[in-house]
Each structure stands twice: as C-alpha cells, then as structure tokens.
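S.K.: What follows is a structure written as structure tokens; I'll ask about it next.
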Amino acid sequence: MSTVDAAVDVAAEATPAQSRMRLAAVRDYGIVVSFVILFVVLCFASDAFLSKTNLLNILSQWSPTLIMAAAATIVFASGGFDLSIGSIFGLAGVVVALLVDDVGIPLAVAAGIGAGAACGLFNGLLMTVGRINPFIATLATMMMILGVAYLLSDGNLIAVTSTGFSDIGNGELLGVTYTVWIAAVFIIACSLLLSRTVFGRFVYAVGGNPEAAWLSGIGVNRVRMVAFILSGVSAALAGIIVASRISTGQADAGGLNLALDALTGVILGGASLAGGEGTIWRTVVGVLLLALIGNGFNLIGVDATYQRIVQGGIILAAVGLDAWVRTSPR
Amino acid sequence: MTTDNGKNATLLEQARGASQTGATVVVEHVDKRFGVVRALQDVSVTIRAGTIHALVGENGAGKSTLGKVMAGVHAPDSGQLIVDGRPRRYRSPRDSLADGVTIVAQEVILVPLRSVEENVFLGHPPARLGQIDRRRLREQYEELVERAGFALPPDALVAELRLADQQKVEILRGLARGARLIVMDEPTAALTRDEAEQLFGITRALRERGTTIVYVSHFLKEVLELADTITVLRDGRVIDTAPAGEETESGLVSKMIGRSLDRAFPPRRPVPADAPEVLRVRGVSAGGAIHDVSFEVRAGEVLGFAGLVGSGRSELAHAVIGAMRRTAGTIELDGQVVTPRSPADAKRLGIALLPESRKTQGLVLGRSITENVTLPHLADFSTWGAISPRRERRAVEEIAARLDVRTRSIGAPVRDLSGGNQQKVLFAKWLLRPPRVLIADEPTRGVDVGAKRAIYDLIVALAAEGMAIVLISSELEEVLSLSHRVCVMRAGRLDATLSGDEIDEERVVAAAFGSEPAGAQA
C-alpha cells in the first residue's frame, strides 16, 4: 500500500516539475522565438522591411538605447535599479554641447562621460552608504539631475558649431554608422565583463545573495557602486551620441523615453529585479524586439499610439510568465 | 455587513461559553518528516482540558513541531489528531481555529502599523456599512480584556510595543477568536525575567478560566514552575509524560539526553602533543550577544561548541571573522595578533566560516556549483580580472569529486541540489584553498544520514591533516563524538570548557541549561 502511495506521489511531483521546466524554457527562449517570429512576419508584411538600409537604420536609431540597456543589465544583475539614466543622458548632452566649442571634442566628451560617472557614483552611494532603495533613490536623482541639466542650459537648446562634433552621431565606417560601431563595442565589452571576469561573478553573487557574497569576502558595496557608475557612463555615452546627431545639447532630449525602452528591454530579456540574473545578449534581443515593433508599426502604417499599448502588454506577458514560473509550488 | 457583525457576535459568544471548558487534544501515532529529517516519530500525547501541558526537549527534539501539528501549522504525515473526541485533519491554522485551537508563535505575526485593538480583532472587526465600528470595537476589546485578566492600551501601535506585549496581543487575538487551547511556542525566549513572570501569571490566569495551554519551552525551571504535566521529547519521539510534581530538573535532563544508536561516528585521531596553537581568542565581546569569551584551538584539533539555539555561538563565529563588530578582546593567529574587520580580512588570514544557514548565508542558490565554489578564490583563477574557465573547471571538478558532490554537472545551479549536496558544495567552497582555521557552524543541519556521515569523515580527516577546526552544532552527539574539547555557551558567555573524560552529555547539557549536573550534586 505504502509503496503504491509513494509511486503515485513521485508521479504527481514529477509532472509539475517538468511543466515548470518547460515554462522556464519558454521564459528563457520565448524572447528569442518572439523576435524571430516578428522578424519573419515583418518580412512578409512589408517590402521595405528586409533591406540593408532599413535594418541598419533601426540599429543606428536604437544604438543609444542598446548602450544604456547593456549597462542596465549589469545593474539589474547586481540587485540594483537605475531610473536616472534618462536624466544623465540629457545632462551629458548639455555638458558636451556647452564645452565642445571651447575645449574641443575629446575633452568635452570626457567631461560628459565624467558627469555621467559622477551621477552613477552618487546613485551608488545612495544605495550602499545611504541604504536607500535603489528605485526610490534613482527616482529622486532622476529629478535632481534633470534639474541640474536645466540649470546648466538655462532651459535652452545649446547649438554646437564645431563641425567635427556631428560626425560622432552621423559619420560612417564601412557603410555602418559610428553609432552602431560604438554600441557594438560597448555591448561586447559589457557582455565579456559580466560573463568572463571576476567582476561579473561578483555582480551575480552580490545580486543573488548579498550576505553570502559578503561572507565570501566580496566588497558588496564596491561592486554595487561600480555597476551604478557603469550605468551612468552608458547613459552619458548615449546622450553624447544623440547630442552629436542633432548638434544640440538639450536637458530634455527624450532621454526618459529611451531610458524606459532600455529598462523594458532588460526586463524582456529576463533579468530579474531581484538580482543575480540577466545576460547581455538576451537584453539585446529584448531591445531589438521593441525596435522591430516600432519599425513594423511604422512600415505597416499603424498609428504609433498603439505601439505603447502593445509594448506594455508585452512587458506584462513576459513578467507575468516569469512570476508564474517562479512561484509555482516547489 | 450585518453578517459580519453576526459572525463576530457568535464568535464572542462561543468564546464566552467556551472559556469554561478548554479543548482536549489527543495525538496518536503521529509521524512528521521534513525532507529527510524525521521530526516526529510515532508520537502519542494526551493534552487534558484546562491544564498547562509542557513539551520539553533539546534543540530539534520535535517539541515545536508537535505544538505546530496541534495548531494546524504542520499537517502530520500519518497518525491522528483528535480534538474534543473528534478526529481532525487541519490544513491550516485557520482550520484549527474553528475548533478553538491557536498558536502564539516564536515569531510574532501582527500588523505592526495598526493599533492593538485592530490587531486583536483582525479579520473580523465589528463593522457597519463596511466601516469599522470604533465604539463597538472598543466595547468588545474592553470585554475581552476583562475576561483575559490583563490589559494593554487599545490605541497603542503594535510596532511600538515591546515583544512581550506583542505576545499579549497575540494571546488576546487567540481569545477573541474563541481559543480554548493555546499553543505557546518558546514564549519566553526573548523576554526579560520580569516579562516572563508576567507571562506566567497570564498563563495561569488563562488556566483558571479553563483554557488549555500547551507550553513549548527548553527552560526547565520555568516549565517545572508552571506546568501540570510534562512531556519529554528526544529525537522526535516521546520519552515520557508525567505530572510535573513528580519531575526534577536533573531527571528531565537525563530523559532529554540519552544516546540514539542509529548513527555511527568515525574515530577521532588524538591531537599530537606538540601540535601548535593556531587560533587564540581572548576576552571577545560583541554587540551585546557575546561577553568575554576566550578559547584556543590547536592544529589538528576539533573544538566543539555546544549550547542552546540563541546562546551566542554563531555570533561568536561572526565576531571572530569580523562579520560582527568586536567591542573587546583580541585574536591571535599562529601567535600573531590579528584584527579581522571583515570576512574579506578573515579569508586573507586563512580563517574560514561555513555559515549556519547555507541558503541565506552560504550559497548563491541561483548560480552554478562552479561559481559558488570559486567565489572566494577567484583571484587564483584569473589574470587581470579575466577568469580562466579551464583552470577553474578542473579545480572544481577535482574538489567536487573529492567531497563526493553528486550532480550531473558542475554547471548546474546549486538550487537543484539536495541539502546534503549543497552542504558539500559549501565545504568545497571553503576547502578549495584550505584555510588555517575552519569554523563550521551547524555543518549537518537539514542533511540526510548518509551525507552526515560523509561530513563527519571529512571533519575528522581535515583535522588529521592539521587544520584547526571549530565545530558549532546543536546536535549534541556530533559535538561529543567529534570534538577533542567542548566549549559550552550559555547566554553569550562561555559556561564551561570540558576536555578528556569530562566530556559527557550530562555535564554539557547541565552547563547549557545552567543547572547543576546530576552527578555533581551527589
């Protein structure tokens, strides 16, 4: 009798476990499958879609978002969250535009990146030393940094006259814009950093179990700060690229939208807000999925208004599935 | 909303009528397993109505589990629970509450930012048109307080109350829901002497009013003072149930210990006479949890730490590795004074801590075995911060094989492993680069018998290789069988250090409980 019961028990336990594994596979590769399906559908739905020009255009347009999303993945994996990247984006553009005509491109760019790094350091200090929840801390710094950017620019658009500056955003190498090259290098660097280095391991450990990481001798706070600094640098880089494209520095240069797209891409890529998870390549697929949706809507001629609704729905579907997989009874 | 009021009224009436007759609970042949751990084995106890019935035993003897089975927190795997003559299968504490059985747990479960009276009537407040009826709430509260025989300010926020008062809120809440049997699980563990005395008064008053009390505790003096009947558990079995008047402290102690024969220990190797002292701890105090503790460990020696849960052993380990700030004392390693201020410092010095909870302190569950094992040693597997995967894999495969970690792949997440294998991964993590001193805190907790034996063998072998080992365990047999010397802690102080023939269960338990050993009195 008891053996029969035991056998039934085992069978009953195996089934949910297996279905959970299947669900986990859907979560892990669902984003890739969705991307491929959408890609194929768009190939058929629009003649203009599958052309080198259109595809490179999409990449070029989404490069700043990809750059921010790559660094945001590292922040997520370390158990943090950075909402302020949209404002850092604007601040860096303003700083560069203010300086470039006087000090030249290299120094101005360095100053812009430095401003981003400083903002990231500040965010990191708030989370580690200040022990403020990163969501709330960066919500606050998002406003503060935007305010600083407005102060510096007096609320004006700052036009750049140096001709060389616009090359960063518009120049091409081997038929591909510098922007795409910069994004590719940055993304690959982030990916290697996360997957192949000691720092990457520390990031996952700190995000996955901060206490265990600390007891293992890891400087938990240092790791978190570096992640935030990287995030600030990525946002500054993105902001400089966009400022160069339009030869204008602007506090409110649409960074918030790009930031939201970047964070959405990270979430679609399966990184968890709880930390300890997330890979760069999946984030990239997540961002590109958003890019395809946007491009597809344009090509097919659907009102852009619907785009946001669809994007929101996709986030809910992805995150809902994730929550469901996680909380299935063990 | 009238139905709410109606329900509430009946609950109160029930409570009123019921307060004359407490519940009777009969537990028959109950078994309960947690994974591989048999928490209760063939347990039978009768709790008579209107008595205070104490459950005593060592850490892990099953006393809390038994209390929780009665209150519906845990469902028994087999056997029967009979409440007031009716067989019952509770699926949750809500079910048991319908029969008037409730629990006041070690961890208080209240809504901190609400008032006392709101918490007491949580879930079924008197209401009118969906609004809480403040006046009736107060009336009912006053009525209840009068019946209970103790009072609390009804408006006070629960978050601002002392723990002792929060427990009173829990008791009131139980009474408000018509409790006729209250399981109190280690209620005085976190209370001061005065607060505990007050709680005893309340407990007796409840008995006078007819409520049955099941009192789970490891404080023998208070149990003898309070209870009508005492049941002693050991290793998940009932050893004896007898009227409190017939028991003595030393009698209880000798029933609580006693050797179970189902586990073999590897033979200890004697520490060589010329073995040097590796770690010397002098007068360490920390955070109010540790007071003036001194000990030393020699190379090849296993120094056991026994004591009750909460006696400060884990805190001591944390203080030694710098994970908890030391307020006094010195640490010497190989005769040199060292000052580890963080786990990172301790790691560099060669002092490793295998923490008590592998899930919350030891491992990053979502990451692979490899990542967990090399986490503290990545500097050895990298150049300029870039990890060499091949070197890393080879090292992890080797140590996983040596420690017999059973897994299909060292790339598998640690979460997927059994408790025993997780514990072996934790050992692998700290033994990949052998430390000078290994502090193992509860190294066999939640591990099956086979893996336990493997861990014992490992500890003995490491000592034989000359490592200095500090073994903290709540399983007395482990400490007694593996250690060359045994330190006993009580309330943050080192109560006794026993060596050689002095190491016996009675002495250790007596020191841990702070009572005179039976032998010493004779």
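The values are calculated or read from the model by the stated rules, or taken from the named source; none is laboratory data. These figures come from a predicted structure and were not determined experimentally. Don't worry about glycine lacking a Cβ; one is built from the backbone with ideal geometry, like all the others, and counts go over all protein chains shown.
S.K.: Can you tell me which residue in the stretch B:365-411 is surrounded by the fewest Cβ atoms within 10 Å (Cβ to Cβ), limited to those that are within 20 Å of A:GLY275 (Cα to Cα) and among the charged types (D, E, K, R)?
M.R.: Applying the filter and picking the extreme gives B:ARG367.
S.K.: Condition test on B:ARG86, is it surrounded by fewer than 23 Cβ atoms within 10 Å (Cβ to Cβ), over 13 Å from B:LYS32 (Cβ atoms) and either at pLDDT below 85 or not assigned by TED's automatic domain parsing to the domain that holds B:PHE34 (or both)?
M.R.: Criteria not met by B:ARG86.
S.K.: Now for a different question. Answer yes or no as to whether B:ALA317 is within 14 Å of another protein chain (Cβ to nearest Cβ), among the aliphatic types (A, V, I, L, M), within 30 Å of B:ALA511 (Cβ to Cβ) and touching a Gly at 6+ places or on another chain (Cβ under 6 Å).
M.R.: no
S.K.: A further question follows. Only one of (1) away from chain B (no Cβ under 14 Å); (2) part of a loop (DSSP other than H, G, I, E, B) is not met by A:THR179, so which one is it?
M.R.: Failed condition: (2).
S.K.: List the strands (runs of 3 or more DSSP E) that sit entirely inside the stretch B:133-239 and contain at least 2 residues that are within 24 Å of B:GLU118 (Cα to Cα).
M.R.: Because the criterion is at least 2 residues that are within 24 Å of B:GLU118 (Cα to Cα), the strands (runs of 3 or more DSSP E) in the stretch B:133-239 that meet it are B:181-185.
S.K.: For residues that are within 14 Å of another protein chain (Cβ to nearest Cβ) and modelled with pLDDT of 85 or more, scanning just the stretch A:269-284, find the one that is surrounded by the most Cβ atoms within 10 Å (Cβ to Cβ). Spell out how you get there, then give the answer.
M.R.: Step one: of the stretch A:269-284, the residues within 14 Å of another protein chain (Cβ to nearest Cβ) are A:270-279.
Remaining after also requiring modelled with pLDDT of 85 or more: A:276-279.
Details: A:GLY276: 23, A:GLU277: 21, A:GLY278: 25, A:THR279: 17.
Filtering first and then ranking leaves A:GLY278.
S.K.: If I ask for residues that are polar (S, T, N, Q) and either touching a residue at least 60 places away in the same chain (Cβ under 8 Å) or not in a helix (DSSP H, G or I) (or both), which ones from the stretch B:346-388 would you list?
M.R.: Listed by number, the residues that qualify are B:SER357, B:SER368, B:SER382, B:THR383, B:SER388.
S.K.: Could I ask something else about it? Just one of (1) loosely packed, with under 15 Cβ neighbours inside 10 Å; (2) within 14 Å of another protein chain (Cβ to nearest Cβ) trips up A:ASN156, so point out which.
M.R.: It fails just one condition, (2).
S.K.: From the set of residues in the stretch B:320-345 that are outside any strand (DSSP E or B) and at positive phi, which is surrounded by the fewest Cβ atoms within 10 Å (Cβ to Cβ)?
M.R.: Per the stated criteria, the residue is B:GLY335.
S.K.: Give me the residue from the stretch A:108-150 that is polar (S, T, N, Q) and free of Cβ contacts under 8 Å to residues at least 60 places away in the same chain and, out of that set, surrounded by the fewest Cβ atoms within 10 Å (Cβ to Cβ).
M.R.: Only one residue fits best here, namely A:ASN133.
S.K.: Of the numbered conditions (1) assigned to a helix (DSSP H, G or I); (2) away from chain A (no Cβ under 14 Å), B:PRO443 satisfies every one except a single condition; which is it?
M.R.: (1)
S.K.: Test each condition in (1) closer than 20 Å to B:ASP457 by Cβ; (2) surrounded by fewer than 19 Cβ atoms within 10 Å (Cβ to Cβ) for B:GLY304 and report the one that comes out false.
M.R.: In the conditions (1) closer than 20 Å to B:ASP457 by Cβ; (2) surrounded by fewer than 19 Cβ atoms within 10 Å (Cβ to Cβ), B:GLY304 misses (2) alone.
To keep it simple, each residue is scored yes or no on (1) crowded, with 18+ Cβ neighbours inside 10 Å; (2) at pLDDT below 90.
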| site | (1), (2) |
| --- | --- |
| A:VAL26 | no, yes |
| A:VAL41 | no, yes |
| A:ASN57 | no, yes |
| A:ILE67 | yes, no |
| A:PHE81 | yes, no |
| A:SER84 | yes, no |
| A:PHE89 | yes, no |
| A:VAL95 | yes, no |
| A:VAL100 | yes, yes |
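S.K.: Any chance the stretch A:152-164 includes a residue that's touching a Cys at 6+ places or on another chain (Cβ under 8 Å), at pLDDT 85 or above and among the aliphatic types (A, V, I, L, M)?
M.R.: Looking for residues that are touching a Cys at 6+ places or on another chain (Cβ under 8 Å), at pLDDT 85 or above and among the aliphatic types (A, V, I, L, M), one finds none in the stretch A:152-164, hence no.
S.K.: So, in the stretch B:346-364, how many residues would count as being at the interface with chain A (Cβ under 8 Å from one of its Cβ atoms), at pLDDT 90 or above and surrounded by fewer than 20 Cβ atoms within 10 Å (Cβ to Cβ)?
M.R.: Total meeting the criteria: 1.
S.K.: Return only the number of the condition from (1) more than 10 Å from chain A (Cβ to nearest Cβ); (2) within 30 Å of B:PHE219 (Cβ to Cβ); (3) in contact (Cβ under 8 Å) with a residue 40 or more places away in the chain; (4) in contact with a helix residue (DSSP H, G or I) (Cβ under 6 Å, 6 or more places away or on another chain) that B:ILE410 does not satisfy.
M.R.: Every listed condition holds for B:ILE410 apart from (2).
S.K.: Looking at A:VAL266, A:VAL287, A:VAL242, A:VAL233, which one is at pLDDT 90 or above, touching a Pro at 6+ places or on another chain (Cβ under 6 Å), part of a helix (DSSP H, G or I) and not hydroxyl-bearing (Ser, Thr, Tyr)?
M.R.: Numbers: A:VAL266 fails: touching a Pro at 6+ places or on another chain (Cβ under 6 Å); A:VAL287 fails: touching a Pro at 6+ places or on another chain (Cβ under 6 Å); A:VAL233 fails: touching a Pro at 6+ places or on another chain (Cβ under 6 Å).
From the options A:VAL266, A:VAL287, A:VAL242, A:VAL233, the qualifying one is A:VAL242.
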